[in-house]
Amino acid sequence: MAYETLTLDHAAEGVARLTLNRPKAGNAMNAKMCEELARATIELDEDRDLRALLLTASGEKMFCAGGDLKVMHDAGAGGGALVKHMTTGLHAAISRLARMRAPVVAAVRGFAAGGGFSLLCGCDLVIAGASSKFTMAYTRAGLSPDGSS
């Protein structure tokens, strides 16, 4: 299946790699990424040959900046509906990661903020580089925490 904001590679021996791929936006989640995360995690969960999943992100500085605040701001009066749509996909993805038969390992470089941090909470193991920083960041943006955080 093709994705715009993610890459999904099925390697040999039943290992897959799911990569957040919006590095110019700090891998921040927009509606498309949230939809694709839900779809990809369902696809992976249904793969009976999957023995392990590695969750990674493109870029060096940000694993995931959380929700794309610019996209939310630009939505104007439709921002509430957009956030509901985004959290539906994000929560579905986190649920699939947490319940996946195969172990899910995340490899983190840089910042994991807000929804990106929450995404990691659905993993079985998180390996973080020395540059990694974790923050909820919701209240600094005037938002209430979500993503199972």
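Odds and ends about this structure:
- Residues in the range 84-97 that are in contact (Cβ under 8 Å) with a residue 12 or more places away in the chain and open to solvent by 60 Å² or more (accessible area, probe 1.4 Å): H85, T88, H91, R96.
- Of the strands (runs of 3 or more DSSP E) contained entirely in the range 49-149, those carrying at least 2 residues that are of a type in the set (G, A, S) and at pLDDT 95 or above fall at 52-57, 104-108.
- Residue check for R51: under 22 Å from D124 (Cα atoms), open to solvent by 30 Å² or more (accessible area, probe 1.4 Å) and in contact with a strand residue (DSSP E or B) (Cβ under 9 Å, 6 or more places away or on another chain): yes
The values are calculated or read from the model by the stated rules, or taken from the named source; none is laboratory data. Bear in mind that the values here come from a model prediction, so they are computed numbers and not experimental data. We place every Cβ from the backbone using ideal geometry, glycine too, and count neighbours over all the protein chains shown. Heavy atoms of the whole protein, side chains included, go into the accessibility calculation; ligands, DNA and RNA do not. Shrake-Rupley method; radii C 1.70, N 1.55, O 1.52, S 1.80 Å.
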